[in-house]
Amino acid sequence: RPSLAEAATQLARGPYHRIVIQPHLLFAGRLVERVRQEADRMRRLRPELEWAVAQPLGPDRLVAEAMADLCRRALGAAGG
């Protein structure tokens, strides 16, 4: 699968004028900062395009419930 840099470069070659990067992370931190740094790099390389970084998904009750359900299923499948 492509890295973020590879995916951003591919998107920059497309017919897009605005590219929004959505970090599918549950919290802010080092990885989100790397995403922002990549967007800054692409802004310098392709200033004619609009580059935006959305907020990470963040804590959400429904996401937490879905993750807990996956854990319960995995434990059930493992006999735990």
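The values are calculated or read from the model by the stated rules, or taken from the named source; none is laboratory data. Quantities reported herein were computed from a predicted structural model and do not represent experimental measurements. Glycine gets a Cβ as well: all are built from the backbone with ideal geometry, and neighbour counts include every protein chain shown.
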**OP:** Considering (1) closer than 20 Å to residue 59 by Cβ; (2) part of a loop (DSSP other than H, G, I, E, B), say which one residue 32 fails and leave the rest.
**Re:** (2)
Original post:
Of the residues that make up segment 54-68, is at least one modelled with pLDDT of 95 or more and either exposed (fewer than 11 other Cβ atoms within 10 Å of the Cβ) or touching a strand residue (DSSP E or B) at 6+ places or on another chain (Cβ under 7 Å) (or both)?
Top reply: no
Subject >> Subset of segment 13-29 (residues that are touching a residue at least 24 places away in the same chain (Cβ under 8 Å) and part of a loop (DSSP other than H, G, I, E, B)) >> reply: 16, 17, 22, 23, 24, 25, 26, 27, 28
Subject >> Residue check, residue 10 surrounded by 10 or more Cβ atoms within 10 Å (Cβ to Cβ), polar (S, T, N, Q) and part of a helix (DSSP H, G or I) >> reply: yes
Original post:
Looking only at segment 35-53, which residues are part of a helix (DSSP H, G or I) and either over 11 Å from residue 8 (Cβ atoms) or out of contact with any strand residue (DSSP E or B) (no Cβ under 7 Å at 6 or more places or on another chain) (or both)?
Top reply: 36, 37, 38, 40, 41, 44, 45
**OP:** Would you confirm whether any residue within segment 38-53 is among the small types (Gly, Ala, Ser), exposed (fewer than 13 other Cβ atoms within 10 Å of the Cβ) and in contact (Cβ under 8 Å) with a residue 24 or more places away in the chain?
**Re:** yes
Subject >> Residues located in segment 71-80, provided they are surrounded by 10 or more Cβ atoms within 10 Å (Cβ to Cβ) and among the aliphatic types (A, V, I, L, M) >> reply: 74, 75
